[in-house]
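Working notes, beginning with the structure itself.
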Amino acid sequence: MSEKRYVMLADVTRCINCKACVVACRAEWDTPLGHSRDWVAEVEDTDDNGMPVLDFFPGRCQHCENAPCVSACPTGAAWQRDDGIVLVDDPLCSGCELCVPACPYDARWLNPETGTISKCTFCQPRVDEGLQPACVETCVGGALHFGDANDPDSEVSKLLAEKEWVQLTTEAVPASTNHYYYTGGKPLPKEVLPRPVQQSIQEKAISDVVNPTAKIGLGAMVATFAGAGLKKLIDRRNELSGDERPAEHGREEQ
Amino acid sequence: IQAPHQLEKLKPTTETYGFCDMCFWRCGIKVRSRDGRVVKIDGNPEHPHNYGIVCAKGNAGPMWAYDPDRLKYPMRRVGKRGEGKWERISWDEALDEVAAGLARVKEQYGPQALTVIGHGTWMKPYTRLGRAFGSPNICSPAFGFCCGPRLVANDLVAGRTLTGNETLDLENCRYFLMLGRNITEALHNGEVRGWMDAVAEGAKSVYVDPRFNITASKSQEWLPIRPLSDHALLLALIHVVIEEQLYDQAFVAEYTTGLDELRQRVQPYTPEWAEGETEIPADTIRRIAREMAEAAPRALVYSPRRVTRTTNQLGTLLAIAQLNALLGVWDRYGGIFTPQTFDIPEPDLPPYEYPRADNLPEEWVDEEGRPLRADGAGVDGAFPLAWGDDRGLANQLWRVMATEEPYPIKAFIAAGGNGFLSGPDYELVHKAIENLEFFVACDVMPNEMNRYADILLPEASYLERYDDLQTGGQREGYVALRSPAMEPLHESRDAWTICKQIAERLDLGQYFPHESVADLVDERLRKVGLSREELERKGVAKIPADPAVNFPREHGRRSEFPTPSGKLELVPSRLKAMGYEEALDYRPQVAREPDEFHLAFGRTGVHTHTRTQNNPWLTEFMAENRLWVHPDAAAERGIEDGDPLRVTDRKGRSETLRAKVTRRIRKDTVFMVHGFGGFDPRRQQAYGRGGATSNLVSNDVDPYLGSAALDRGLVRVEKASGGEA
């Protein structure tokens, strides 16, 4: 049992939607254009006086306890370390994408270059060498913080005690996440709240029956699911703000 | 039985220190490479420009080097200018032709017929080449198109400037009056962080701009001022600060001159008067004056950086300097600090010779018969307040090239830059280039301007070369090194090598005595007892911050203001000596017809000017700009969000781009992000994307400084037929 519990804190009041975190992540993990492990959601509103209000929510895998992606995974590739980091064991991942619709934050996607699932790992390979995640290190506004919530002397522990942090959870999605937000007391907008997830029969069968026992040697079974045309990633996560039009993907390949 | 999971391991990389060239703040960076390939750029935690953070543009630096559309080989134009037909030639052939082209122009017109205009850290050797050649017409467009008026105004009032990397004690400031300073989207890392730290700690920010941008969203108050009326607001604030004696009386008595004269000058500028000009209520103006005075000296009237907006930008910036002087913010915590600098002597070179120019009219030569700057910067009778040396007025140089007045400029070395997408007048730039006898462009990327060159030279990017040292002054003094993190791609060469090889062909080799820029760096470092090896370990060497030097008035020391009087001159003596006092007075700007809009333009955090629109890591977020239109104005014209629009100015110039219908802008104003609307097909990502501000902005001039007055543009907007933007 690990002593550590890694958490990410995003101070929304300091996020300026500069996308430094997104580009840093792309460079660090060489993700293909059109996909990203992290994003910044822009939420535009008007206040009671009709004046504009603009808020930014940096997002990524929320590293849920009892993560629904882990229970949806038929091969055991999706797993959670004792320190709370949800990971993908690449050699075990068949690319069946059952975990993709299971994630209420749309944080998982099939990497077309590797054929396996990609997602935020809290930069586990960096963290294991004592480094900060790439997004935290580069964050211009000083909005992102990362560390061990079980260490009372850590920066994140102090910040968690200082301010009122909230998680992106709802009654329908009560997952306990290891990602926190500070909004300066404002309620969370519906745009960033988790999407209710219904387990499909196949997923349920896998999570209830298969998953707790042997997690390897299931390649053939997974191939069957995948071959049956399982639901593909439908809605690409809204990491691209609705501001100016982003590139049409595919153009980059020219 | 659960098998043990495999954990991904961090792949090893080598680290090289440098400083960024993706924008002009120039953060310290640590570049990670693997097998000779740059994979990731981190911030250098020691560097005072950014302390370890890097923005999206800086993070996207690898794609600047690896852009498939890069200029790869020396090329010679074979078609007509601008036609885009080239043949690949060898470096020797190219350099021979450049030397011959420059020599030809020198022989026929004199050395002053060369202009060097550049943008970026690779400008320095080209400046030296131009000087050695004998031309005074070396120019950095940032002065006339961007921050020149701010430099001049602060120098006139205080004898000090805020430098290129603002010397503001942001994190300790408690009150910011932000005049169109979109700090979060112009995005200079250290500056944003300082401001954000203060605002997060409860400092008040009042954001004044016709548009509600990200900086406005982080501020407590947004004042949607009527476009181009900032000067009126500032004059009214000065009026209130003086009338209500809100200024720092001890400081003003001890350190300033001209209070009574200023009081008389601002007497007519009541808040009620300013309300009519600015549409900001008089009560709000009074309240802000009082709030600022209450917070002073931890208060800043925050100047925008690009201040080439109106035909009295000098007056506007003088008013900002006056207000900051009245509030006593100089050399105080939370105000303007005195930087420390790491002084490193330049290498020893023979003096430049500027030969007599006997073919010029006498008002364009100095006492010794040497040519004066053709753009009039620093020239009596032209724009004496504008800074000459290697700054000057690019907007005026284009006019000179086109008209040959006051004298012909027939050769042009472009060291980066883009006269089309960064300027205000395609027709003028086109005519100027057509009128040249020789045009060589040196750059990393193709662009609309260098498409017209006779010879095109591929520069190595900032990740592929050594460069001259970066020295600067923040609270700490510092010197930073740029080392290559990868081999130069294709046939690109670094600027120093290119310039040395051109100079040698022109018998000017004595001005480039070093074998390489690395040798030059070695010589400079030796002079201060440092070595390249030392700098390669941390990227930067520093003089520690010293509060007594940075904030002398907090430590019982005196402030120094190197003006003629030795004091802050509220009505600058040098301005009076030139008879320019009227610059202190308000001058109304353009009058809009009911169906016209003011055209505002500005930055986004994910692009730098016109340079990054081909970078796929950045176009991911913004591949084209849109025209911001208020919903009421859009409804009147039947415009819906996303509709293709035609934007036309009074000269009949037009651009097409899509609509962004938003309440985040005044009804009488439209806004575009700058840098789009590329028309060079060699930049495949940028080509044909969005609309160009440079084809719509005003080509007016501030009469005192000669700098551009870009924001006086007025446009009409309609739905574009055909549906294609």
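Here, each number is a calculation from the coordinates, and none is a lab measurement. Owing to the predicted nature of the structure, the values given are computational and were not obtained by experimental measurement. Every residue, glycine among them, receives a Cβ derived from its backbone with ideal geometry; neighbour counts consider all protein chains shown.
Data table
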| item | result |
| --- | --- |
| From phi via Karplus (6.51, -1.76, 1.60), per-residue ³J(HN,Hα) for the stretch B:199-208 in Hz, x at Gly/Pro | 5, 5, 8, x, 5, 8, 10, 10, 9, 10 |
| Spin-label pair residue B:260/residue B:389, simplified geometry with 7 Å Cα→Cβ offset, distance in nm | 3.7 |
| Förster radius 25 Å - calculated FRET efficiency between residue B:526 and residue B:341 (Cβ-Cβ, nearest 0.05) | 0.85 |
| Summed residue charge, Cβ within 10 Å of residue B:293's Cβ, Lys/Arg positive, Asp/Glu negative | -3 |
| Among B:502, B:340, B:225 the positive-end extreme of the charge dipole of chain B (Cβ point charges) | B:225 |
| Dipole magnitude of the stretch A:74-205, debye to nearest 20 (Cβ charges: Lys/Arg +1, Asp/Glu -1, about Cα centre) | 540 |
| Pairwise centroid distance, computed over Cα atoms, of the stretch B:502-532 with the stretch B:123-138, Å | 16 |
| Separation between Cα centres of the stretch B:264-291 and the stretch B:357-418, rounded to whole Å | 41 |
| Under the Karplus curve 6.51 cos²θ - 1.76 cosθ + 1.60, θ = phi - 60°, whole-Hz ³J(HN,Hα) for the stretch B:660-671, x wherever Gly or Pro sits | 10, 8, 8, 6, 7, 8, 5, 5, 9, 9, 10, 9 |
| FRET efficiency, 1/(1 + (r/R0)^6) with R0 45 Å, evaluated for residue B:37 and residue B:96 via beta carbons | 0.85 |
| C-alpha center-to-center spacing [the stretch A:1-33, the stretch A:72-139] in angstrom | 13 |
| Cβ-Cβ FRET estimate between residue B:108 and residue B:272, R0 fixed at 45 Å, reported to 0.05 | 0.15 |
| Along principal axes, Cα extents of the protein assembly as shown, largest first, whole Å | 96, 70, 65 |
| Cβ-placed point charges (K, R +1; D, E -1), dipole of the protein assembly as shown about Cα centre in debye, nearest 20 | 1100 |
| D (Stokes-Einstein, µm²/s), Kirkwood Cα radius, the stretch B:526-662, 0.692 mPa s at 37 °C | 148 |
| GluC sites (Glu not before Pro) within the stretch B:302-365: DSSP coil, no more than 16 neighbouring Cβ in 10 Å | B:353 |
| Placed amide H near residue B:39: partners under 5 Å, 5+ positions off or other chain | B:32, B:33, B:34 |
| Formal net charge of residues neighbouring residue B:702 (Cβ-Cβ distance under 11 Å; K, R +1; D, E -1) | +2 |
| Dipole in debye (nearest 20) - chain B, about Cα centre, beta carbon charges: Lys, Arg +1; Asp, Glu -1 | 1580 |
| Tail weight of P(r) past 13 Å, computed on alpha-carbon pairs of the stretch B:336-404, percent | 73 |
| Debye intensity ratio in log₁₀ form over the Cα atoms of the stretch A:6-198, taken at each q of 0.12, 0.17, 0.18 Å⁻¹ | -0.58, -1.19, -1.33 |
| Within the protein assembly as shown, helix-based [θ] at 222 nm, where runs of 4 or more DSSP H residues each add -39,500 (n - 2.57), nearest 500 | -7000 deg cm²/dmol |
| Convex hull volume per residue for chain B, taking Cα atoms only, in Å³ | 186 |
| Amide H contacts under 5 Å for residue B:719, placed H, 5+ residues apart | B:646 |
| Cα-based shape type of the stretch B:392-480, given that a ≥ b ≥ c are square roots of the gyration tensor eigenvalues and the cut on a/c is 1.5 | prolate |
| Residue B:244-residue B:367 pseudo-label distance in nm [points 7 Å out on the Cα-to-Cβ vector] | 5.2 |
| Pairs of lysines in the stretch B:17-124 (C-alpha under 28 Å apart; 8 or more residues apart or interchain) | 15 |
| Placed amide H near residue B:659: partners under 5 Å, 5+ positions off or other chain | B:627, B:642, B:643, B:645 |
| Per-residue ³J(HN,Hα) for the stretch B:233-248, Karplus 6.51 cos²θ - 1.76 cosθ + 1.60, θ = phi - 60°, Hz, x for Gly and Pro | 4, 5, 5, 5, 5, 4, 3, 5, 4, 7, 4, 8, 6, 7, 6, 6 |
| Virtual spin-label span in nm between residue B:80 and residue B:516, 7 Å along Cα→Cβ | 4.4 |
| The stretch B:478-579: relative contact order as a whole-number percent, Cα under 8 Å and 6+ apart | 27 |
